[in-house]
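Colleague: This is the structure, below, for whatever I ask next.
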């Protein structure tokens, strides 16, 4: 026995270190923003799913920095190495290890803040918790870590699509005070904002150019829809589908709010308005976001996240250093003036990971439960 700190204690199926998510489809990530590499281990993926390194490219490119002048100009190759769990192009049912080398670090950009705490950043809390912190790009708290969530979700998205016909897709629903004036899914992938109304893209370009010149940042909202989710996924109490979605989405860097369905808009609604009435042709509305009592209804599962403004900005801010002395902080380097612009594939990833985990959990417990009539389309 080497002491309590050496023990790995499990509670409700999760390791105390909290670098893993999911029960049956478990993803553990590792690595720091400016370390040699980042990676993940996917455990619980069923065997026989065809997968290749090339299939990770599309979603990793969607998440990547340097995609436009409106995001961080850090340019990573993001080449995935499949180290295990895949043989002759198919998953084997054993742990899948994925690795991505970091190739474009500029650690010197952070030398000026190594002894200070950036306001609004995780510097202070990491130091209080661990007694040490990696100031290079935020270390573990950097959004660089989300690259591996997106990579893991490539596997989840493919399995969900092939096994159940589930499709997970998102879009930027608000940038600062700007909201879409129209909606077209086809427009989302045709611009760097994931914006659903193409005629507004020039307005967003102008907005971001002015914001970047000011040295400030702004928040955003991202919506994610998952269609094709069958009824019955989720559990009624501690394993609620919406509860797990909320926890997964809140784990994304800079997220300060999560809504399922109408979310906080339900505060001003009446019961007669909010309830989703049913008839034999289907539901009349989807205020609940496709989840009732923690269990999917068969409707579109709908979630939204609110992302705070980036705390790493050029405008001076007051803080303290490690000695407890007052200092003025200006964060230089390559940063996103709005992290929400790149958050769409990350939010999609977390929804997909939760849905696959719940699909396997449902199959394990209730896979032999027959259809109960009547079933609402």
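Every number here is computed from the coordinates shown, using simple stated rules; none is lab data. The structure displayed is predicted, hence computed values, not measured ones. Cβ sites come from the backbone with ideal geometry, for glycine too, and all protein chains shown count toward neighbours.
Colleague: According to a simple spin-label model (label point 7 Å from Cα along Cα-to-Cβ), what is the distance in nm between residue 179 and residue 129?
Modeller: Taking the simple label geometry, residue 129 and residue 179 are separated by 3.4 nm.
Colleague: Okay, next question. How many nm is it between the label spots at residue 280 and residue 209, if each spot is 7 Å from the Cα in line with the beta carbon?
Modeller: 5.9
Colleague: Based on the Cβ-Cβ distance of residue 363 and residue 251, what FRET efficiency does E = 1/(1 + (r/R0)^6) give at R0 = 22 Å, to the nearest 0.05?
Modeller: Result of the calculation: an efficiency of 0.35.
Colleague: Please build a GNM for the chain, connecting alpha carbons under 10 Å apart, and tell me which residue among 93, 39, 219 fluctuates the most.
Modeller: Among 93, 39, 219, the largest mean-square fluctuation in the Gaussian network model of the chain belongs to 93.
Colleague: Give me the Kirkwood hydrodynamic radius of the chain, using the inverse of the mean 1/r over all pairs of distinct Cα atoms, in Å to one decimal.
Modeller: Result for the chain, one decimal place: 22.1 Å.
Colleague: FRET efficiency for residue 186 and residue 300, Cβ-Cβ distance as r, R0 = 22 Å, nearest 0.05? Each step should come with its number before you reach the end.
Modeller: Values: r = 18 Å, r/R0 = 0.80.
My answer for the efficiency is 0.80.
Colleague: Considering only 287, 34, 358, give the residue with the highest GNM mean-square fluctuation for the chain, with springs between Cα atoms whenever their separation is below 10 Å.
Modeller: 287
Colleague: Between residue 83 and residue 216, how high is the FRET efficiency from 1/(1 + (r/R0)^6) when r is the Cβ-Cβ distance and R₀ = 45 Å? Nearest 0.05.
Modeller: Once rounded, the FRET efficiency stands at 0.60.
Colleague: Residues of segment 220-259 with the amide nitrogen closer than 12 Å to a label point 7 Å from the Cα of residue 164, along Cα-to-Cβ, please.
Modeller: 226-235, 241-242
Colleague: Can you tell me which of 238, 130, 164 moves the most in a GNM of the chain? Springs connect C-alpha atoms under 10 Å apart.
Modeller: Residue with maximal mean-square fluctuation among 238, 130, 164: 130.
Colleague: How much mean residue ellipticity at 222 nm does the chain get from its helices, if each DSSP H run of length 4 or more adds -39500 (n - 2.57) and you divide by all residues, to the nearest 500 deg cm²/dmol?
Modeller: Result for the chain: -7000 deg cm²/dmol, rounded to the nearest 500.
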